[in-house]
Amino acid sequence: GSGKYLYMEASGCYSKTAYLISPKFDFTQQTEPFLQFYYHMYGSDVAIMSLEWSIDQVQWFPAWSKSGDQGNSWKLGLVDLPILKGVEAYFRITGTTGVSFESDMAFDGFQGFGSGQPLPITLVSFGGEVIQEISPIVVLDWTVGSQVNNDYFEIQRSTDVEEWSTIEKVIGAGSNNS
């Protein structure tokens with residue numbers, strides 16, 4: 001892509017730990033807080049990446065972690081945080097490199113939500129293409145690796161990224177791993 005992301009280069013920085021602390025997230029009006037982010041952990045010596053939360057930036061609590069090589073692709077991370085309902089919290093991303101240069105990792109797209117749980121799917125790919133310039137038609141294509149209790153996908157559109165309307169529902173596969 002063409003976006004920006006946080007990258008931890010392991011070359012010459014073996015067995016080192018880096019921390020990134022977020023600004024305060026406000027979940028005071030949220031009933032079901034959760035986080036969504038993307039991570040990339042590639043190399044035979046990748047150690048660990050973790051996410052913690054704190055109310056006061058003194059005491060930190062684990063929310064998510066991954067260790068080892070996760071493949072050479074971006075993965076979607078989702079974390080349900082019902083314990084943070086009605087409070088404000090900070091988040092700390094921790095990355096620890098392995099014992100060689102083959103332990104790079106990256107982090108991107110960190111967002112907090114609170115009005116419902118994310119759909120429990122593993123998104124493999126997603127794309128869209130405009131196929132007609134006049135009266136544009138957009139064709140969306142996506143592939144999922146697994147679905148859990150998925151009745152349907154809801155396709156929405158917006159002209160201002162604030163108000164959304166449903167334009168289509170596509171039947172899901174229920175629960176599967178393919």
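Here are some notes:
- Among (1) 26, 20, 14; (2) 37, 15, 14; (3) 31, 23, 16, the entry that matches semi-axes √(5λ) of the Cα gyration tensor in Å as calculated here: (3)
- Built amide H within the under 5 Å cut-off of Gly172, gap 5+: Tyr152, Phe153
- Within the stretch 75-94: backbone nitrogen closer than 16 Å to the Thr17 label point (7 Å, Cα to C-beta): 92-94
- The protection proxy used here, the mean number of other Cβ atoms lying within 10 Å of each residue, ranks peptides 27-36, 67-76, 123-132, 100-109 as follows, highest first: 100-109, 27-36, 67-76, 123-132.
- Per-residue 3J(HN,Hα) values for the stretch 123-139, derived from phi via the Karplus relation 6.51 cos²θ - 1.76 cosθ + 1.60 with θ = phi - 60°, read 7, 8, 8, 8, x, x, 9, 7, 10, 8, 6, 8, 6, x, 10, 10, 9 Hz in sequence order (x marks Gly and Pro).
- Candidates Phe37, Phe91, Phe153, ranked by Gaussian network fluctuation over the chain, Cα under 10 Å, top entry: Phe153
- Counting lysine pairs in the stretch 1-110 whose alpha carbons fall under 18 angstrom apart, excluding pairs fewer than 8 residues apart on the same chain, gives 4.
No value in this document is a laboratory result; all are computed from the given coordinates. Because the structure is predicted, anything quoted here is derived from the model rather than measured. All Cβ positions, glycine included, derive from the backbone under ideal geometry; neighbour counts span all protein chains shown.
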